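Reading through the structure tokens given below for one structure.
Every number here is computed from the coordinates shown, using simple stated rules; none is lab data. Being a predicted model, the structure only gives us computed values, none of them experimental. Because the Cβ atoms are built from the backbone with ideal geometry, glycine has one as well, and the counts that use them run over all protein chains shown.
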Amino acid sequence: MRLEPSDILVVEDSDVDFLVLQKMLCSIGFEKDAIHWIKQLSDFEFSGESFVLCDLNLPDSNGLRTLKSVLSIVGFDRVPIIVLTGSDDEARADEAIKLGAQDYLVKGTFSQSLLQKTLAFSKQRSGLLADLYKQERANQQLGNYLTSILSTVPSYIIRANENLEIEYINRVFPMLDLKDKTILDFINAADRPVAEKMIRLLKYDDEPLYYQTEVKDEAGQSIWLYSRMSRLDDKSYVLIATDITPRVEARALLEKESLKSQLFQMQQLSSQLNPHFVFNAMSSIQLSILSQKEDESLDFVSKFSLLMRTVLENSRRELLTWEEEWSFLSKYLDIERHRLSGKFEYQLASSVADLESIHLPPMMLQPFVENAVVHGIGNRTDAGGLIQIKIEEKGERVIISVSDNGVGRRRANQLKLMRHQNDHVSRALEINNKRISLFNQLYQTKLFQVTTIDLYENGKPIGTSQKLIIPKKLGQMEPIVSLDETILKD
Amino acid sequence: MNQLKAIIVDDEATNREVLKRLIAKFCPEVEVVGSAQNVMEAVFLIRDHRPDVVFLDIEMPGEDGFSLFTHFEKPDFRVVFTTAHADYAIKAIKFAALDYLLKPVDFNELKQAVAKVRDSIQRGDGNNLLEKQINVLKESRTADNFDFKRIALPSADGVEFYNVSKILRCEAARAYSTFHFDDETKVLVSKPLSEFEKLLSECNFIRIHKSNMVNMTHVVKFVKSDGGYVVLSDGSHISVASRRKNEVMQILGT
């Protein structure tokens, strides 16, 4: 057996044993430079040699422990490790082979030819072993690959003719008699007109169509399919549909949970009155007391308590009736009017026939009203302020507008910058905007909306009008998740 | 001692009236000689009446309370700020060791504030002190925020001013706090550490232990061994409470 010239790592603490070995290795074709010598385990450094010859008993390690250390560095299936033992230690040599050494040589007893044969066979064996491992790994990868393919195997394979009528389905679909159905029954009703056009286009285009669709089974249960539709030949189509219902349901559940927690969070954030308002109101009460106006003080305390109570309760309510909302807003406006010594009046105008039926989320109008008072009226230098609250219906919607004849938005913003004012109001309005989009999701609608309009007369700003638009039938609408049921009733 | 002359500045009639009546009822030694509803009115009243003390609202339309001092570089009056709720403004006032009242005004606090004004007048704290305090206030004010560079610490005879960036750490000692500076000097202040905790947290200070609040910009490294400690720029080792470790490591990005 021939040995390719290569390099070899010898781990041997005895100088004499090494020199003998070196001589033998040279005579069977190793270059002297290619024989690397290490005397103790702590110096062990593997640099890709083709063989490792290793004495097990070293100054800093002995027995199988040495082999284990070497194996852990060199690896099992790459380089043959041949153990060098004393003549009295063949039992241990067997152990070494079980652990992963390729072969052993008993020191002082082996000939040049045995050394050569041992090295050559070791090389061959370790090569075979490496191939085996490689094969095993490949098998494992193939297994993983097959498993992953199996998990995406389509649930349904459907072939349809050029009239889109179903000619073949690989297994029973939990839907009524498929004979009367076309391939379009596997597409959302709403999407069918578009889908029909797309399918027609398929005649000229080889690109398959991918889409997600919801179909109903006999019991009316939703089945979500992820489908790939393509042209099979000139006269037929093939639809491959995977049932992804569990995935869609899990995602929907997750979205609901996230919506719920966002709504809850926003409601908590919106259920806070501006600390300025609260402290100013307290100062007003203080003044009434100091002026010994008993009736006024009592009236003020009542109004203020009602306001506070409503705010506390609001954080747990999903919807308020218009009556509840107005009772809250008018108390709020009364307190502000008192604080600003009657600098403004307010009016409510309604053109809604059935005002009692109107419902709205709590604390959505309050920031508008506060904005009108603080930034609109508050920045007016004279009396004569007017806040108009108008509630009107328009088709499916109710529009509630809060208009002021204050200084207008631009001026108010300038003043705000100059004053380093705490921006509770703008934060509240921001929260309002977020709530609007959450409510649209909650009621699966687009009817909720807020707008702000700058009012001008002859090019001069004469105030601001803010609008809250909500569905007229909000009280009867079914939210996709209910706050009442869960978190609010803690 | 003579009557103290006072001027009230507040944009809201209610607040002016409340303070006036509270003063009449609880501080008979103070005479309110006028009240103004904005800074310009206040400037004229102050020039006319030369008051001993001005009760000054911070949040007013147009110019806010702080801007009164653009008209008085060297004020010869004491000032007590009044505010309903203005977190940063209060911090700015505290950094300058100025006095303030929260609205609705508590009459006990009002009495104390008046007593402090009287003490300060009797001690003869010159205009220089107020000028310096006002300067601290002014320089903490950037275009749209507050940035605190100096802090006024109470001392035996008034207040002293220090650069916040030169403070290495504040050490608690019961009701006192010791401030350690980067030039190895120390200043003992007769206020508990908790008084400064919220304030200095604005300036990258963190209470890393019950007894120490350190300026994070002076922290050289965090060492995990020995229960965890930080090394400051002067080489001192300050141990970190175990529940603060994560926070400290996060800030240091280790």
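Computed values, structure above
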| item | result |
| --- | --- |
| Three-way shape call for region A:270-428 based on the alpha-carbon gyration tensor, with the a/c threshold at 1.5 | oblate |
| Mean shadow area of region A:1-142 over all directions, Cα convex hull, nm² | 8.6 nm² |
| Hz values of 3J(HN,Hα) by residue in region A:343-351 - Karplus curve (6.51, -1.76, 1.60), Gly and Pro given as x | 5, 9, 10, 9, 9, 10, 10, 10, 10 |
| Percent of beta bridges antiparallel (DSSP, the protein assembly as shown, rounded to nearest 5) | 65 percent |
| Bridge type composition, chain B - antiparallel percent by DSSP, nearest 5 | 60 percent |
| Kirkwood-based Rg to Rh ratio, region B:1-56, C-alpha trace | 0.95 |
| Only Lys, Arg (+1) and Asp, Glu (-1) charged, at Cβ; the protein assembly as shown dipole about Cα centre in debye | 1140 debye |
| Under 5 Å, built H, 5+ apart or other chain: amide partners of A:Met364 | none |
| Estimated inter-spin distance, B:Glu184 and A:Asn458, nm [label 7 Å along Cα→Cβ] | 7.7 nm |
| Charge tally in the Cβ shell below 11 Å around A:Asn188, where Lys, Arg are +1 and Asp, Glu are -1, A:Asn188 excluded | -1 |
| Residue with peak Gaussian network fluctuation, chain B [Cα springs, cutoff 10 Å], from B:Asp226, B:Asp147, B:Asp52 | B:Asp226 |
| Ranked A:Lys260, A:Lys446, A:Lys293, criterion: other C-beta atoms within 10 Å, fewest first | A:Lys446, A:Lys293, A:Lys260 |
| 0 to 90° range, to nearest 10: angle between helix A:275-290 axis and chain A longest Cα axis | 40 degrees |
| HN-Hα J in Hz across region A:390-397 - Karplus 6.51, -1.76, 1.60, θ = phi - 60°, x for Gly and Pro | 10, 10, 9, 10, 8, x, 7, 10 |
| Exposure proxy ranking, count of Cβ atoms within 10 Å, fewest first, for A:Cys26, B:Cys203, B:Cys27, B:Cys170 | A:Cys26, B:Cys203, B:Cys27, B:Cys170 |
| Surrounding net charge for B:Pro192, when Lys and Arg each add one and Asp and Glu each subtract one, Cβ distance under 13 Å | +2 |
| Choice from B:His180, B:His218, B:His71 showing the highest fluctuation, given a GNM over chain B with Cα pairs closer than 10 Å | B:His71 |
| Percentage relative contact order, chain A, counting C-alpha pairs under 8 Å, at least six apart | 9 percent |
| Per-residue Cβ neighbour rank within 10 angstrom, fewest leading, A:Ile244, A:Ile166 | A:Ile244, A:Ile166 |
| Kirkwood Rh, Cα atoms: Rg over Rh of region A:41-93 | 0.95 |
| Calculated P(r) of region A:1-81 - Cα pairs past 16 Å, % | 49 percent |
| Two-site label geometry, A:Glu218 and B:Ala24: point separation in nm, points 7 Å out along Cα→Cβ | 9.0 nm |
| Net charge of Cβ neighbours under 12 Å - reference B:Ala172; Lys, Arg +1; Asp, Glu -1 | +2 |
| Cα gyration tensor shape for region B:1-158, rounded if a/c is under 1.5, else prolate or oblate | rounded |
| Most fluctuating residue given options B:Asn38, B:Asn163, B:Asn212, as computed from a GNM of chain B linking Cα atoms under 10 Å | B:Asn163 |
| Global geometry of the protein assembly as shown, whether rounded, prolate or oblate, following the gyration tensor of its Cα atoms and the 1.5 cut on a/c | oblate |
